[in-house]
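For reference, the structure is listed below as structure tokens.
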Amino acid sequence: MPGFSLIPKHDEQQAHLIRRYFAGTLSSLLILGFMGAVHVHGYMSLRGLQWCIGGAMASYVVFYVLLRSGFNLRFRDPTLAGAKILAAFTITTIAAYHTQSDARSVFLPVLVMSFFFGIYRLETRMMTILALSCSAGYGVMLGLLGLFNPAELDMQLETLRWWILTIALLWFAVLSGHIGKQRKELFDSKLAMESMLEHDELTGVGNRRYLTNVLEQEKSRADRSGTPFCVAMLDLDYFKKVNDTYGHAAGDKVLKVFALVAQDGLRRIDYFGRYGGEEFMLIMADTALAGATIKAERLRGNIANTRHAEIDPALVQTVSIGVAEYRRGETVADIQKRADNALYKAKASGRNRVEIDA
């Protein structure tokens, strides 16, 4: 098929899942090698080895198709960890069925190892259900042995093995659920910490770090696709007078109101944040200079028309804005400097105005 690749190039999440799946597949091939060794030493029948190899190959194909087609995204767990556990356990149980009784215990650790597929993905409840299901499956295997091949069944020994396997699986299910819960808590804490690091505590908008990251992303996208984007630097006019006249608490309130008004009407692909002090930045994706200038002028007018009655009905806060369009190949610092130059021009020209870097 023209253009087909084993790993998708335009979906990083699916590509990551498939890479992890390939790594897991390689490790499972080692298990097949282990089964081959059991057969070579005369403890497993050739038919049993063939069943295991055939089942493994079929599962490899099925899981890859599900991942590569994106069908896995329809499930709550797109990694399909539960299904992988059942598949691995089933294949290993088939191997145990075709193995002599005195050597069957070598597969008990392998059966427990199959649960590693869900150690970070599944909750305790699901892992417990899987443990009980797998234990029941092992019991069915013993029942079939007693029915079709009783010579290979030492019931007292096999019952002991079954009991040990069940306890080990349940213990592993509880442990895995606990580890998964801790991992989720750590992940949530990390997200919360990252959110704190990238957002301004006073206004709630993105901070300088956030804006810098967005600028880098937009630059990469523009260099790759050629789509335009613009940067606007905004600075509140005579803001120091607000603090001196009404106090810093009033100044903080003005900043909060400014941030709210500035964000009104922005698109989802626009990014707004506080660069520092009373200076803010607006990044407008997929926008050329003409459109960015219109948007900046509209924002300037909205700010000028905003009243701060709680502080002083006569207080009017204005903003000066400098706008620049990204030039392909320039650095993030370059476009930011040109937007800053346009802002200085707006300040020098009387404030409460929009200037562009042509």
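The values are calculated or read from the model by the stated rules, or taken from the named source; none is laboratory data. Values in this document were obtained by computation on a predicted structure and should not be read as measured data. Cβ: placed from backbone, ideal geometry, glycine included. Neighbour counts: every protein chain shown.
Of all residues in region 278-300, at least one satisfies being surrounded by 15 or more Cβ atoms within 10 Å (Cβ to Cβ), outside any helix (DSSP H, G or I) and at positive phi.
Pairing residues of region 6-27 that are on the phi < 0 side of the Ramachandran plot and part of a helix (DSSP H, G or I) with residues that are at pLDDT 85 or above and polar (S, T, N, Q), at Cβ distances under 9 Å and at least 6 apart in sequence or on separate chains, gives Gln14/Asn72; Leu17/Asn72; Leu17/Thr79; Arg20/Thr79; Tyr21/Thr79. With respect to Leu260, determine if the residue is assigned by TED's automatic domain parsing to the domain that holds Glu310, closer than 27 Å to Asn352 by Cβ and crowded, with 18+ Cβ neighbours inside 10 Å. No; evaluated as a whole, the condition is false for this residue. Selection within region 325-347: residues that are among the aliphatic types (A, V, I, L, M), within 41 Å of the chain's Cα centre (by Cα) and within 20 Å of Asp237 (Cβ to Cβ). The member of this set that is surrounded by the most Cβ atoms within 10 Å (Cβ to Cβ) is Ala339. Sub-9 Å Cβ pairs linking a first residue in region 140-163 that is more than 17 Å from Gly48 (Cα to Cα) and assigned by TED's automatic domain parsing to the domain that holds Phe89 to a second residue that is in a helix (DSSP H, G or I) and among the aromatic types (Phe, Trp, Tyr), at least 6 apart or interchain, are Arg161/Tyr138; Trp162/Tyr138, ordered by first then second residue.
The residue list Ile7, Ile53, Ile18 contains one member that is over 23 Å from Ile119 (Cα atoms), of a type in the set (Val, Ile, Thr) and touching a Leu at 6+ places or on another chain (Cβ under 7 Å), which is Ile53.
Hey, any hits in region 50-67 for a residue that's more than 30 Å from Leu142 (Cα to Cα), within 19 Å of the chain's Cα centre (by Cα) and surrounded by fewer than 20 Cβ atoms within 10 Å (Cβ to Cβ)? Scanning region 50-67 turns up no residue that is more than 30 Å from Leu142 (Cα to Cα), within 19 Å of the chain's Cα centre (by Cα) and surrounded by fewer than 20 Cβ atoms within 10 Å (Cβ to Cβ).
For region 91-112, a tally of residues being surrounded by fewer than 17 Cβ atoms within 10 Å (Cβ to Cβ) and not small (Gly, Ala, Ser) returns 3.
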